[in-house]
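Below is one structure, written out as structure tokens, with a few remarks after it.
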Amino acid sequence: MHIHAYSWLGEKELFDREARRRLPDRPRPPVTAEDEEHYRTLLETFRRSELPPLETSLWLLKSRTLIRATFEEPKDAAAWLGRELTEHAPGFLSHQEADTARLARLVTTATARLTHGTDVSFGFYLGRTSFLSLALVTCTPNHWLPDLSCPLTP
């Protein structure tokens, strides 16, 4: 198992458009060629989008260019999370979210979850209109979707 790190910082308005963050439903039989083409177009749009998926593990379907880092050890992945939290904490809308003791607990919890093969995902408001999404996704296999292949596999 290894772990991929993902981050997204953008307008909250975009993040709130859940339809763009949802994996499209596969057409149900009977399926026409047009249904299949429409599904493939929606799937490709989902894969190319930089928006965080609604389900954390579905980051693995996204472009490999969105991977910010890859780690073999949960503690190293959690350390990346800690650095990201520290970097962005001054901009958190809530002072409680930026509390250093709270951030340290998030990193500790992330280490434990990743050690057990579970994905980690956090989101924070930055200012009034921005949103930060941070995710650590286990790969090969993923706990929730073990059949997903690693995006770094050729």
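The values are calculated or read from the model by the stated rules, or taken from the named source; none is laboratory data. The model shown is predicted, which means the values in this text are computed figures rather than measured ones. Cβ coordinates were reconstructed from backbone atoms using ideal geometry, including for glycine residues, and neighbour counts include every protein chain displayed. SASA here: full protein model, heavy atoms, side chains in, ligands and nucleic acids out. Shrake-Rupley method; radii C 1.70, N 1.55, O 1.52, S 1.80 Å.
Would you call Ala69 of a type in the set (Gly, Ala, Ser) and touching a strand residue (DSSP E or B) at 6+ places or on another chain (Cβ under 6 Å)?
Details: of a type in the set (Gly, Ala, Ser): yes; touching a strand residue (DSSP E or B) at 6+ places or on another chain (Cβ under 6 Å): yes.
Yes; evaluated as a whole, the condition is true for this residue.
Considering only residues that are within 26 Å of Asp16 (Cα to Cα) and of a type outside the set (A, V, I, L, M), look in region 144-154 and name the one that is surrounded by the most Cβ atoms within 10 Å (Cβ to Cβ).
So the residue we want is Pro151.
What tally of residues in region 25-62 results from selecting those that are open to solvent by less than 100 Å² (accessible area, probe 1.4 Å) and more than 26 Å from Gly117 (Cα to Cα)?
Within region 25-62, the subset open to solvent by less than 100 Å² (accessible area, probe 1.4 Å) is 27, 31-33, 35-36, 39, 41-47, 49, 51-54, 56-62.
Still in the running and more than 26 Å from Gly117 (Cα to Cα): 27, 31-33, 35-36, 39, 41-45.
Selection size over region 25-62: 12.
Please name all residue pairs, on different chains or six or more residues apart, with Cβ atoms under 6 Å, provided the first residue is in region 97-112 and is closer than 12 Å to Lys75 by Cα and the second residue is modelled with pLDDT of 95 or more and open to solvent by 40 Å² or more (accessible area, probe 1.4 Å).
Partner pairs satisfying both residue conditions: Thr111/Lys75.
Could you list, in sequence order, all residues of region 114-154 that are aliphatic (A, V, I, L, M) and more than 16 Å from the chain's Cα centre (by Cα)?
Passing the criteria: only Leu126.
Among what's in region 125-152 and is at pLDDT 95 or above and not polar (S, T, N, Q), pick the residue that is nearest to Asp76 (Cα to Cα).
If we take residues in region 125-152 being at pLDDT 95 or above and not polar (S, T, N, Q), then Leu136 is nearest to Asp76 (Cα to Cα).
Here is a check on your reading of the model: is Glu13 touching a residue at least 40 places away in the same chain (Cβ under 8 Å) and open to solvent by 60 Å² or more (accessible area, probe 1.4 Å)?
yes
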